[in-house]
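Taking it in order: structure first as structure tokens, then the write-up.
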Amino acid sequence: MYVNQITFTRTRPCKPDDEAVTDTIQWLLGVWRNNGQVCGREWPMLGHADVVTATVLTPEAQSLDAGFHSQYAREALARCEAEGWLVACDVLGKDVDAMATCSCKTPSAWLLFTTYESIGTPVRCMDCFKPSALYRFEAMASGDFYELMSWQTEYQCFDTLQMTCTVLEKEATRELSKLGSSLTKKGLAHCKTLAASSQKPFYYYLYRGHGRSHQAEMKRRCPGCGDAWALETPIHSIFDFKCDRCCLVSNIAFDVK
């Protein structure tokens, strides 16, 4: 990932407490996020006189190039211009604490995977396991990747509950681990859409937190088709199960692994 500074320079006088200032800027950053061009959901902003700066993370150094903009981003930039804002983007450098973005030329497959602490894209390359830039895929029905980012937000809420909360832990874990859960159904639908547009297999990760024993876990069958899906060698040291028929991956329960 790369650290970027977005500078908004006012070309017309305005009140420093004008709420429309931050509304316009947040709208632009939000549509960039929905297109996978900006990571995370919080962006520190600093205002001084007629200049507002925002610090954001992007998957690649060129993520904010005009060629990657969605129609919504173009409209948001036009709104900035109409309201008297000059927008400039500067790449400050690589984030030394973030995972690099996938640079594989022809990945064999993709994976829908995220966690409660992820700030990058929920799409991973199955070959290198690094996050993949969403804007390099064909846009979804929304015109960008709003549906996918909404799914990621929902997934992360459930993952946070199962990691930190005892009251709703079981309910949250069910959403993450059951094939028939509402969350999983949404994720699988997104995988199907992205697989069709990319012409590559798109796998879905089913979380597995609790099991009876390691031996019992290894006997588990694919919850989709019932076929054997245990792997001799885990993929990326995480995924112990993989079904090519159902495009599912999973892990040996963490409490018995």
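The values are calculated or read from the model by the stated rules, or taken from the named source; none is laboratory data. As the structure is a computational prediction, the values presented were derived from the model and not from experiment. Using ideal geometry, Cβ is built from the backbone for each residue, glycine included, and neighbour counts are taken over all protein chains shown.
Listing for the model above:
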| quantity | calculated |
| --- | --- |
| Any hit, the range 205-223, residues being in a strand (DSSP E or B), in contact with a strand residue (DSSP E or B) (Cβ under 7 Å, 6 or more places away or on another chain) and closer than 19 Å to Phe113 by Cα | yes |
| Among the residues listed as Thr193, Thr233, the single one being assigned by TED's automatic domain parsing to the domain that holds Phe137, out of contact with any strand residue (DSSP E or B) (no Cβ under 7 Å at 6 or more places or on another chain) and either outside any strand (DSSP E or B) or on the phi > 0 side of the Ramachandran plot (or both) | Thr193 |
| Within the range 163-192, tally of residues that are modelled with pLDDT under 95 and of a type in the set (S, T, N, Q) | 2 |
| Yes/no for Gly143 being on the phi > 0 side of the Ramachandran plot and surrounded by 13 or more Cβ atoms within 10 Å (Cβ to Cβ) | yes |
| Residue within the range 180-193 that is over 21 Å from the mean Cα position of the chain (by Cα) and either farther than 21 Å from Phe129 by Cβ or surrounded by fewer than 20 Cβ atoms within 10 Å (Cβ to Cβ) (or both) present | yes |
| Members of the range 89-116 that are under 25 Å from Met163 (Cα atoms) and of a type in the set (Gly, Ala, Ser) | Ala98 |
| Sole exception among (1) assigned by TED's automatic domain parsing to the domain that holds Thr11; (2) buried (at least 21 other Cβ atoms within 10 Å of the Cβ); (3) under 17 Å from the mean Cα position of the chain (by Cα) for Glu60, by number | (2) |
| Any pair with Cβ under 8 angstrom, 6 or more apart, that starts in the range 229-240 at a residue that is closer than 15 Å to Met218 by Cβ and in contact (Cβ under 8 Å) with a residue 24 or more places away in the chain and ends at one that is polar (S, T, N, Q) and not in a loop (DSSP other than H, G, I, E, B) | Phe239/Ser250 |
| Residues of the range 30-71 satisfying the condition of being charged (D, E, K, R) and within 14 Å of Arg136 (Cβ to Cβ) | Glu60, Asp65 |
| Residue within the range 16-28 that is in contact (Cβ under 8 Å) with a residue 12 or more places away in the chain, touching a strand residue (DSSP E or B) at 6+ places or on another chain (Cβ under 8 Å), on the phi < 0 side of the Ramachandran plot and not in a helix (DSSP H, G or I) present | yes |
| Condition met for Gly120 (closer than 21 Å to Lys186 by Cβ and touching a Cys at 6+ places or on another chain (Cβ under 6 Å)) | yes |
| Some residue of the range 8-23 being polar (S, T, N, Q) and touching an Asp or Glu at 6+ places or on another chain (Cβ under 6 Å) | no |
| Residue under evaluation Leu176, criteria (1) under 16 Å from Thr115 (Cα atoms); (2) surrounded by fewer than 16 Cβ atoms within 10 Å (Cβ to Cβ), criterion not met | (2) |
| Residue within the range 200-208 that is surrounded by 12 or more Cβ atoms within 10 Å (Cβ to Cβ), more than 27 Å from Met140 (Cα to Cα) and outside the structural domain of Asn35 (by TED's automatic domain parsing) present | yes |
